[in-house]
Every structure is written in C-alpha cells, then in structure tokens.
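Here's the structure we're looking at; comments come further down.
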Amino acid sequence: MALLKISSIETLYFDRIYALFGVSLEVEERQIFAVLGPNGAGKTTLLKTVAGLLKDQPKKGIIEFAGHRIERRAPEKIANLGIVYVPEDRGLFRELTVAENLELGLWGRRDNGVKQDLDLVYGMFPILKERARQEAETLSGGEQQMLALGRAILRRPRLLMLDEPSLGLAPQVARAVFDALLAISQTGTTILLVEQNARLALKVARHAAILEAGRIVLQGTPKELEANEDVREVYLGIGGADTASPKGWRLYRKRRRW
C-alpha cells in the first residue's frame, strides 16, 4: 500500500514558471524511494511541495498521505501527520550544542519512548554522544548530517524526506550516512530520498525515479534503472564508448531516449 501518492502535480514559481509538470509517483510504506536528477531538475521543489513549504502549491494535482489529501495544507499540519523534511542545509541550529539540537527533536513528546529513542540515535551515531556539548557549527559536514538525521528520528516520522544527504561529504562518510538510512528504514520509517549520487542511492533504494526539467522521465527498481543504457552512461558513468562520433568530436553525446 502506498503511504505517499503524488498524482499529476504541477508546481509553479511566480504563477507562470513550471518547476514541476505532471509529476506522479507512489512511495510504499517502509520503502526507500530515491529521486535522481541533475541540478535544477525540480528535486528540492518536489520535497518542498509535499512538505507544504511553497505557498498555494501545487497549483494542480493531488498529494495523498496515508489515504488523506494534504496538498496546499499548512506545513505545521503536514508535519503533525508524521512527515519530517531534512533540507539540503540540514536545518540545524548551529549556535546550539548537539544535545540541544537533539532536544528540539523531542519537542512536544510526552511518551515513554524518549530514552529508548535517544539510545537508538546514540547507538547509530556514537560520535554525537562524544560531541554532545559541542556547538553544531563546529561539527564536520558528516557529523552535521548525522545530527540532522538523529534529530529527525526523534520526531518518529512515518515519512522521512531527505534532500541531498551526501552533499559535500567524503565518500567514506557518505557511505556511512547511507548505511544509517538503511538502518532507519529497518525501524519502519519510510524514506523519500532526493540525491545526485546515483550509485549510493540505488544501493539503498527499493524503487527510484529520474526527474529532469520538472518531469519524471523514468521509474523502476534499481536493477531496472541500472540496466538502462542512458542511466548507465549519464548517471553511473558506465559505458558510452560506442557513442563516439565518426568524426571524433570529443563532446559528442547521443540523444537520450526519454
């Protein structure tokens, strides 16, 4: 059953510039769904549209979460349904300590699982416990991403939306973050992941889509996408040797079939 269902949404800037055009996708419960695409494709806009952060958007189309329509609702009402959005800049309070940032993730919780969830976060990211009294702005990029994920987990989201979690991270740190995403998914959290690093994303996702110029041009399982010749060349950097121009033009690139 689809936890999040997006049907033919159109998001506009200044009421005339299309950022998303006819985008449709379904994210199954407990699934990691990856959205790939180049800069400017509309990936961040997609997440912000779902989160209600773009006023009066989408202009057209339907967004359903757990069977209820949520398009154009206030962002706080959407968040209260269990949708947590971690932006590209991670959204940390940089002047606050690690512990204080995590406490904000617990804001409003009155249940008995607080200690258990904190133990889960510290078990998943031991470095956060070591840095508990350190200001967030003094952390490395990878540590900041771990803190953002830890704070998000403490909200107990049904749907966790992440915008470019590997951005600016060293390869080894990025892999550690994606290993954490798998662990988070195994706790029952559904993840909608926007990412440019196709290799990493396809390793953890169960389903994926490619967004280009505001449109979904391809969807399928990671295996199906990896088998696509255009995906292999453009997003995975594999193949393409047979596409050289007979005249030897080095900048030649064959036309994609989507």
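Observations on the model:
- Cα-based convex hull, the chain, per residue volume (Å³, whole number): 144
- Local electrostatic count at A34 - Lys and Arg +1, Asp and Glu -1, tallied over other residues with Cβ under 14 Å: -2
- Crossing angle, helix 114-124 versus the chain [Cα axis fit, 0-90 degrees, rounded to tens]: 50
- Kirkwood hydrodynamic radius over Cα pairs of region 94-134, then Stokes diffusion coefficient at 20 °C and 1.002 mPa s, in µm²/s: 201
- Size of region 142-209 as Cα extents on the principal axes (Å, biggest first): 28, 27, 17
- The packing ranking, built from the mean of other Cβ atoms within 10 Å per residue, places the peptides 138-145, 214-221 in the order 138-145, 214-221, highest first.
- Cut-off 11 Å between beta-carbons: net charge of the residues surrounding P222, Lys and Arg +1, Asp and Glu -1: +2
- Estimated FRET transfer efficiency (A2, K55; beta-carbon r; R0 41 Å; 0.05): 0.95
- Using the Karplus relation 6.51 cos²θ - 1.76 cosθ + 1.60 with θ = phi - 60°, the per-residue 3J(HN,Hα) values for region 102-107 come to 5, 4, 5, x, 9, 4 Hz, with x marking Gly and Pro.
- Expected 222 nm ellipticity per residue - DSSP helices of 4 or more, -39500 (n - 2.57), all of the chain, to 500: -9500 deg cm²/dmol
- Shape parameters for region 1-53, alpha-carbon atoms, Rg then Dmax in Å: 11.7, 36
- Crossing angle, helix 171-186 versus the chain [Cα axis fit, 0-90 degrees, rounded to tens]: 70
- Taken over region 9-149, the ratio of Cα radius of gyration to 2.2 N^0.38 Å equals 1.21.
- All other residues whose Cβ lies under 12 angstrom from that of G105 are scored, Lys and Arg at +1 and Asp and Glu at -1, for a net of +1.
- Under a 5 Å amide H cut-off, with hydrogens placed 1.01 Å from N, I216 pairs with S24 among residues at least 5 apart or on other chains.
- DSSP-defined beta bridges in the chain - what % are antiparallel, rounded to 5: 55
- Degrees between helix 141-153 axis and first principal axis of the chain (Cα, 0 to 90, nearest 10): 70
Since every read-out is calculated from the coordinates, none of them should be taken as a lab result. The structure displayed is predicted, hence computed values, not measured ones. Backbone-built Cβ (ideal geometry, glycine too); neighbour counts: all protein chains shown.
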